[in-house]
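Please treat every number below as a calculation from the coordinates, not as lab data. The shown structure was predicted, so the numbers you read here are calculated from the model rather than taken from an experiment. Note that each Cβ is placed from the backbone with ideal geometry, even for glycine, and that neighbours are counted across all protein chains shown.
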Amino acid sequence: MGEFEVHRVRFFGLVPAGVRCLACQPRGGRLALARTDGAVEVYNFAANYFQEKVIPGHETRSVEALCWAAGDRLFGAGLSGEITEYDLALLCVARSVDGCGGPIWSMAANSSGTQLAIGCEDGSVKLFQVVPGGIQFERNLDRRKGRILCLSWHPSDTHIAAGSIDFLRVFDVCSGQTVQRIMVNYHVLKVRRECIVWSIAFLSSGTVITSDSFGRVQFWDWQRGTLMESHTVSTSAVLSLAVSEKEDSIIVGTSTGATYQFQLLPVKMGSLEKRWVRTKPFQHHTHDVRAVAHSSTALISGGLDAQLVIRPLMEKMQKKGYDAALRKFTFPHRRLVSCARKARLLLFQFSQHLELWRLGSTDETGKDGEVLPLCRMPEHLVQLKSKGPEHIYCSCVSPCGSWVAYSTASRFHLYRVQYEGDGVSIKKVPKVPKLLLPAYQLQFSSDSGSLFVASARGSVHVLQLLEPGGCKHLHTFRPPSGSPEAVYLLASSADGHWLAAVGGDWAIHIYDLKCFKHHCTVPTYSCAVTALAIHPITNNLVIAYSDQQLFEFSIPEKQYTAWSRMVQNCGLHRVWLERDSPITHITFNPKNPSHILLHDIYMFCVLDKSLPLPDNSALLMNQSTLKQLPETARQRQLHAFKICKKFQPLLFADLLDENCLVMVERPIMDIKTQLPLPIQQKKFGT
Amino acid sequence: MVAPATLRVVRCGGSTLHGARAVFSADSYLLCAAGDFVKMYSVATEETLRVMGGHADLVTGVQLNPHNHMQLYSSSLDGSIKLWDFMDGIPIKTFTVGSKLLALYALASSEDSVFVVIPKSGERDTFQLVSVKLTKAAGQDLEAKELSVVLDGVDASPKRLAFGREGEYVASVKEVNLQVFFFKRKQLNRFSVSAIKTKSGNNHFTCIACHPTEDCIATGHADGKIRLWRNFYHKKDYTFSTLHWHHDTVMDLAFSMEGTSLLSGGVESVLVLWHNESDCQKDFLPRLGSAIEYISMSSDGALCCTLHTDNRITIINSNLRFSKSIQGLIKSTDVKTGLVVDPRTKALVLNGEPGHLQFYCLQSDQQLFSLDIVQRQYIHQAGLNQADLVKVAFSAQGKWLATVEEREEVTDPELQLKLWFFDEETQSFKLNTRINMPHEDHITDMCFREMDELEDDSLILVTAGRDCVFKVWVMVEDTDPEAQQSVSWSCDFVGSYHNYQATNCCFSEDGSLLAVSFEETVTVWDSVTWDLKCTFCHPPGKIRNICFGRLTCSKYLIGATDYGFLCCWNLLSCALEWSAHLNVLVLQPDPLSEHIAAVSWLSKESSLFVFKPNEPRPIYIQRNLCKEKIQLAAFVPRDEPETIGSEKYHWLRRSQLFFLTDTQELMTLSTKSLEERLTPSSKQLAVEESLPVTPFSLLLGKHRRQQSHEDIDLGKLVHNKHKQDSPAVKELLHTPAHVLPSASFLCPIFINSLLISKENKSAEEVADEVEMESEKTEDDSDEERGVTEMEQEDTSAMELLGEMTCKLSKSQEKELRKIRKMDYSWISAF
């Protein structure tokens, strides 16, 4: 594998925000997720649950409910009282409309996606018409006291069930009248505590399912107003509920972090009598499960512990593959860390500030596995706070360490950092060129002479950096055929000749920086690009896709390399393909041109192109077994993938110089200590 | 006369009650397998009503005949299925299958066949479920050879197979696999759970139960989880939910009759009732004493019973209330105390629950009571050293009990000697003296001086310890005025011999001599002056057992060495009388005769030798007594000497020899042939009081009772004319009813007064005789097991009374005697 001196960085204090709500696109392959800090993310099922789009949050814009309407339009509503429509191409808020009912707690779209219903603090349910270019207020339904915490449309769009505190109501959409009002706390006898209906679902059979703060999941006949079944699943609240499209399975999430599946099963073989049965419990979360979703093949849950868990339903799987793997996403699928190799600096991106750190150093050497004592401790140089309520989209530090750039939704900032001995001075570069904002990705050239700004509609701006602190706009690259989507990944070559850019349509365009023209387009592949990099010597572009495939594309020759074709012919190892997290960063070792260094959250891999690929019968993670083998046997066992799982979860890995690596870890336990205490539960044996 | 029957080794009681799930009959009897027998208990009175024997090996399955609820199928390892009329205890039919039967299932839907689990021929440790066609041919013994395999690869345990709703399917679990076979569709579905061992234990299936009305299977797992499987007719869409409370293996599961609740039990000895298959709604019945092995429900759902590993049956009400318990012989892991006979109750005394002493009645196969010796909370935890009872000794009359408990510590054991006094008032033992660390090291033996005729203060206890001394303990008057008792025990003499470890001690029959063995040497001490009288040894080899001869042989001392020698020394000549080469494990003198039983262990079989010390030739040898190693033996005195035809077995006349093997099976020797033993003691039909009471029967019963009262009065009237002069009757009739003694007491007198004595005995004499006999009847009733048959005979008694005339034939007189032996306590109930 090669020996490296590793900087094991654990001072990146990132705490991902908790998941607030989830929305599955009806008949579509996408999942929208909103976090407690107002960020909205879109995951693509087809692209192996890749986090395709991220719309950073906003301080004043909390999201309480998300829904898809009119096909692929995404709406959000929150406690600010506004309904927001998101532009998924430009990754920003397209427009927002005031709901005029105080804070909005819930929102639901009807089955055809033409109408939106919102439930407000003042107890009103309002209907909005989804029209091209926005939404239009349609009418108010019968208003009663008590905030509407949850809403659900009947699949025929004729009725709406709304859950409130202590009761649920059913509205007739045509007349706007309340046609049924059911008290839900009826069966709790001793002490009258208010029963909060946290979540509601209206089935086409007329059954209304509620989940409440007493830990019950109840099935009601709305027409008679009677309770049909009641299942107590938890001693604490059941916060969320989602129904499958076929209405034969539901998933509920509780505040203890457990999720349960209920299935509608026939009581006897061949009989028509069916009953809801609680079947599978899952305990993937430690905190409140605030949102659940039921896709056709998986149960999806998101909790306040910031985890998004995708649990495939085995019975719906045709074969065992990467679709059948349990996925847990805690960290974003993109880098939040950038590294100045020469200056040995790390820039950490938080939601509203940046931190610049200098790595520690040591003069000692040691054997494999030894921890070396530091002669200089890592140093926190600068904290840059972003002004305003907007969250940061992207950031970058130049390889020489003297430039730092970041962008929010409406502003772009470039700073000149100067080091005088131990002191650091930072100066904002005035008069940055007016660009189409926001910037989705920033990348400095390897000689720190220019900055590439990924922008909307597939365009990439090239800014020239001027000493002692200025910049000017050189050129804007645009894809020849045009593209509506924003560029989200950039890679520049070490010799400053090439620039590769990936847009939301997953097309990779390569531009020639010498003559500022479009060079070529990499043949399109039906999956999202998760990372790409240009080899410093051969100028081969290495691309990692979300289905874990790896490609190598020779830029000068405008075709895939022989090695890449060989990989496609042989196929990658099964275990490699079944990994559940995408490759987020690729780098190279100039000393060993055949080595490609790549990493995801759970592993760091040195891919040696000179060695044969492993076949499915070989052990993929064989480093520990190799160590025990004698030299001759080891030679036979060697294969291209050299995987190290020592550093987990790995947010960033980069090569500083030939034999020095930096690994940025964020231990889950450190995040857990930042979270509020979970619900105390007696655990047997403790 | 027929040839003398040979001695047979028979299992006598104490056998495990948890060989198979117990079955409730429709009229609330409980039927369960106990060793080679099927036992029938009354649920209302917890009494053993009937023992049905006939199988030659362990009974493995008990099932009611689904088409006749008065009949019972039982299967056994001997390869036969028996159909019983359990009300009469009569075997109706015996079907011989041939191979070992490991479990039995009877289904209502299969008309003439039952299902059994048999080993697959040709393969070891694989079993299959087969259905056996029970032919309807006439005759008692039938061959059932029509077998058809239903399911392969099932587990041997009867808990791991269950039939589903209305016999539509059969489900079986083995290791991590569940297979369900649908009879109608001939479809076999297999499911499995992941075999990965988690830190909470493995995932293996341990038991299974099927929902009575729905398609739902409950399975228990070794890690304590219960899974409820549904939709299992789809190979892929099956689903299960999990209930988890048990922290260790789920031992058995049972659905309630309607299927609304599920009962589960495990090693926690807690019965858990799960409502509506919900994880959140459950009820517990804790502190059931020991691990639950089987759970069964009665067909009306009113009762359930749990069978425990310590041989107990607990009957539980439907509202999860403890109702009754039937306790057999508790099998403790190690019987350190040996088999001791309580002189008072003639019960066998040995280790019971941890730290307890159990008194086990051999006649009724039930535990009489359990005495807590250690008096400390027992904590279930692996590797924890618990204080346990190691030695126990009774004084001759059973007035005093000495116990030794120790806590196993490698360096210094914690010892306690306790002396218990039998309190006549409370009829139990009361702690008198507790001596901490009576010896420095383990106590190896302990005995009381057995002198029946001597005064109480001559009672002496001797303990021998590994700390090279023996100590003599005597009772002293307690000088402390605040002491609650008048006497306590203290050490009187400490003897030692050349600093050898004392291993055994024994008093001679008259109590004048004490023999203590010190490793290779036996020392004999005067019990008055504590002088060393003489020593014996038979090198090489340490002394394993010693005992004195009795009665005519009291001048002999017998010793067994671990070099395989049995020696007999003459105490008068102080010389070796004879010796024999025999590897004696157990040396047990009969307290009532001069016979001594020695059990040897040679080349993997135990042999029994019975001899008298005065002749070196054994009077009885039984080679190959049993395959297991015999650990302990005891002679239990018979209540009355048995008439034994053969001279050879004369030594069994006064006492019966019981022995315990290392697999904890209690065996005895019997001269009776198999048939003789198996004939049920009585064949009368017992009509149980606890039959469901209908208003009609109440009404009718009242009427009948009145009638019978009238009958009695009539009888009195008739006889008043004849026997006015009988003082007993006079007294009976002229005393106010509320000061009369209980009717059970008066009844024999009254009935006796009705008799016309042939020899014209005086009334006093008759009364005396009656009293004597009534005592005897009490004794008899102790022995007799079938006490509940009285109800049946009452009516006949009434009839007799009604048609009583002055003249009594001989047969009638006999009949009357029989009646007199009956318990008339029922009269007091009126």
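The residues neighbouring A:Gly571, those whose beta-carbon lies less than 14 Å from its own, together hold a net charge of -1 under the Lys/Arg +1, Asp/Glu -1 convention. Each residue of the range B:265-271 is assigned a 3J(HN,Hα), and the resulting list reads x, x, 5, 5, 6, 10, 8 Hz, derived from the Karplus form 6.51 cos²θ - 1.76 cosθ + 1.60 (θ = phi - 60°), x at Gly and Pro.
Ordering B:Gly89, B:Ser76, B:Leu49 by the projection of their Cα atoms onto the charge dipole of the range B:9-156, which places +1 on the Cβ of Lys and Arg and -1 on the Cβ of Asp and Glu, puts B:Ser76 at the extreme positive end.
Using 27 Å as the Cα-Cα cut-off, could you pick out the over-long pairs in B:Lys100/B:Lys629; B:Lys184/B:Lys236; A:Lys328/B:Lys236; B:Lys174/B:Lys627; B:Lys159/B:Lys331; A:Lys268/B:Lys133? Please list the in-between numbers first.
On the way: B:Lys100/B:Lys629 25 Å; B:Lys184/B:Lys236 20 Å; A:Lys328/B:Lys236 25 Å; B:Lys174/B:Lys627 31 Å; B:Lys159/B:Lys331 22 Å; A:Lys268/B:Lys133 29 Å.
Too far apart for the 27 Å limit: B:Lys174/B:Lys627; A:Lys268/B:Lys133.
So for A:Leu116, A:Leu239, fewest C-beta neighbours within 10 Å to most, what's the order? Walk me through the intermediate numbers first.
Details: A:Leu116 28, A:Leu239 23.
Exposure proxy ranking, most exposed first: A:Leu239, A:Leu116.
Ranked for footprinting exposure by Cβ neighbours inside 10 Å, fewest first, B:Lys100, A:Lys431 give A:Lys431, B:Lys100. About its Cα centre, the dipole of the range A:612-679 is roughly 300 debye, where the only charges are +1 on Lys and Arg Cβ and -1 on Asp and Glu Cβ.
Which of rounded, prolate or oblate describes the range A:562-661 when judged by the alpha-carbon gyration tensor and an a/c cut-off of 1.5? It comes out rounded by the Cα gyration axes. Model label sites at B:Ser323 and B:Ala743, defined 7 Å from Cα along the beta-carbon direction, differ in position by 2.8 nm.
For A:Leu651, nonlocal amide neighbours, meaning residues 5 or more places apart or on other chains whose placed amide H falls under 5 Å from its own, are A:Val664, A:Glu665, A:Arg666. Within the protein assembly as shown, the percentage of alpha carbon pairs spaced more than 66 angstrom apart rounds to 36%. Put a dot 7 Å past the Cα of B:Glu440, heading toward its Cβ, do the same for A:Gln568, and the two dots end up 9.0 nm apart. Over the range A:19-329, calculate the relative contact order: mean separation of alpha carbon pairs under 8 Å at least 6 apart, over the residue count, as a percent. Computed value for the range A:19-329: 9 percent relative contact order.
Based on every Cα atom in the range A:140-202, Rg and the maximum pairwise Cα distance Dmax equal 12.1, 40 Å.
Please compute the length gained on full extension between B:Val9 and B:Asp412, using 0.36 nm multiplied by the number of residues separating them and subtracting their Cα-Cα distance. Let's see the in-between values first.
Working: separation 403, 0.36 × 403 = 145.08 nm, distance 4.20 nm.
Gain on extension, B:Val9 to B:Asp412, equals 140.9 nm.
In terms of surrounding Cβ atoms within a 10 Å radius of their Cβ, A:Thr235, A:Thr226 rank from fewest to most as A:Thr226, A:Thr235.
Largest first, the three principal axis extents of the alpha carbons in the range B:492-588 are 37, 34, 23 Å in whole numbers. Starting from 0 in steps of 5 Å, tell me what percent of the Cα-Cα pairs of the range B:51-117 lands in each bin. Calculated over all Cα pairs of the range B:51-117, the distribution is 4, 20, 33, 25, 15, 3 percent. Within the range A:19-329, the percentage of alpha carbon pairs spaced more than 28 angstrom apart rounds to 35%. How many nm is it between the label spots at B:Lys814 and B:Gln386, if each spot is 7 Å from the Cα in line with the beta carbon? Distance between label points: 5.5 nm. Whole-Hz Karplus values for the range A:369-376 come out as x, 7, 9, 8, x, 8, 9, 10 Hz, taken residue by residue from phi with 6.51 cos²θ - 1.76 cosθ + 1.60 and θ = phi - 60°; glycine and proline positions read x.
Please list, by residue number, every one of the trypsin sites (Lys or Arg not before Pro) in the range A:209-302 that is coil in DSSP and has at most 13 other beta-carbon atoms within 10 Å. Please list the in-between numbers first.
Details: sites: A:Arg216, A:Arg224, A:Lys246, A:Lys268, A:Lys274, A:Arg275, A:Arg278, A:Arg290; in loops: A:Arg224, A:Lys246, A:Lys268.
Within the range A:209-302, the qualifying trypsin sites (Lys or Arg not before Pro) (loop, at most 13 other Cβ atoms within 10 Å) are A:Arg224, A:Lys246.
If r is the Cβ-Cβ distance from A:Glu467 to A:Gln383 and R0 is 30 Å, what FRET efficiency results, to the nearest 0.05? Given R0 = 30 Å and the Cβ-Cβ separation, E is 0.75. Over all directions, the projected convex hull of the C-alpha atoms in the range B:159-328 averages 9.6 nm² in area.
Note on the protein assembly as shown: dipole from Cβ charges, positive end direction compared against B:Gln187, A:Thr36, A:Thr207; the farthest Cα belongs to A:Thr36.
Equivalent ellipsoid of the range A:374-451: semi-axes from √(5λ) of the C-alpha gyration tensor, largest first, are 24, 15, 12 Å. Only alpha carbons enter this Debye calculation for the range B:9-156, each as an equal point scatterer, and the log10 of I(q)/I(0) it gives at q = 0.11, 0.14 Å⁻¹ is -0.39, -0.63. Inter-part distance, the range B:144-178 to the range A:328-399, computed on C-alpha centroids, equals 63 Å. Over chain A, all Cα pairs binned in 10 Å intervals from 0 give whole-percent P(r) values of 3, 14, 23, 24, 18, 11, 5, 1, 0, listed from short to long. A helix-only calculation puts chain A at -1000 deg cm²/dmol for mean residue ellipticity at 222 nm, using -39500 (n - 2.57) for each DSSP H run of at least four residues, averaged over all residues. What separates the Cα centres of the range A:606-673 and the range B:571-638 is a distance of 74 Å. In whole Å, what is the distance between the alpha-carbon centres of the range A:554-576 and the range A:451-481? The two parts, judged by their Cα centres, are 31 Å apart.
3J(HN,Hα) along the range B:385-392, derived from phi through the Karplus expression 6.51 cos²θ - 1.76 cosθ + 1.60 where θ = phi - 60°, amounts to 7, 9, 6, 9, 7, 10, 9, 9 Hz, with x in place of Gly and Pro.
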